[in-house]
Amino acid sequence: MTSETKVQLDKSTPESEWKKILSTEQYQILRQKGTEPAGSGEYNKFKGEGEYNCAGCGTPLYTSETKFDSGCGWPAFYAEIPGAVERHVDNAFGMRRVEITCAKCGGHLGHVFEGEKFPTPTDQRHCVNSRSIKYQPKE
């Protein structure tokens with residue numbers, strides 16, 4: 001997303017507009033519920049203080065304080081910024097999972113898993129595609 005973008009980027013944004021704004025890979029993940037290959041994302045092992053915003057609409061989703069290394073091959077967070085992420089039951093591929101999407105634009109982020117016994121305050125792992133987020137360093 002560029003600062004020159006004049007379109008309101010939210011759930012009402014037409015797919016034709018998303019195709020102009022997002023890279024092919026971002027569109028496939030954010031708009032078509034795709035998944036990047038494990039270990040291929042730039043934020044999997046990334047460390048830095050700041051926020052992780054939606055790569056589609058720019059909404060802040062996660063902070064670096066909640067990021068942890070789960071060893072799963074994708075960036076992992078144990079909690080979202082309150083109100084930033086929505087959850088939906090996903091029964092694709094013959095299994096029940098919980099999909100997470102950006103609350104503002106509906107972009108697919110990944111899935112959230114519970115009860116895996118990671119040493120985090122929430123016992124949750126938000127397994128997020130790197131291409132669905134954009135890191136913003138703390139100023």
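Brief remarks follow.
- Out of 73, 58, sole residue that is under 15 Å from residue 26 (Cβ atoms) and not polar (S, T, N, Q): 58
- Applying the condition of being part of a strand (DSSP E or B) and among the aliphatic types (A, V, I, L, M) to the range 80-116 and asking which residue is nearest to residue 69 (Cα to Cα) yields 112.
- For the range 117-139, taking the residues that are in a loop (DSSP other than H, G, I, E, B) and farther than 20 Å from residue 72 by Cβ, the one that is modelled with the highest pLDDT is identified as 138.
- Once the range 87-109 is narrowed to residues that are surrounded by 15 or more Cβ atoms within 10 Å (Cβ to Cβ), out of contact with any helix residue (DSSP H, G or I) (no Cβ under 7 Å at 6 or more places or on another chain) and not hydrophobic (A, V, I, L, M, F, W, C), the residue that is farthest from residue 19 (Cα to Cα) is 97.
- Which listed residue is more than 23 Å from residue 113 (Cβ to Cβ) and exposed (fewer than 14 other Cβ atoms within 10 Å of the Cβ), from 13, 24: 24
The values are calculated or read from the model by the stated rules, or taken from the named source; none is laboratory data. From a predicted model like this one, the values you see are computed outputs, not experimental measurements. Positions of Cβ are generated from backbone atoms using ideal geometry, with glycine treated the same way; all protein chains shown enter the neighbour counts.
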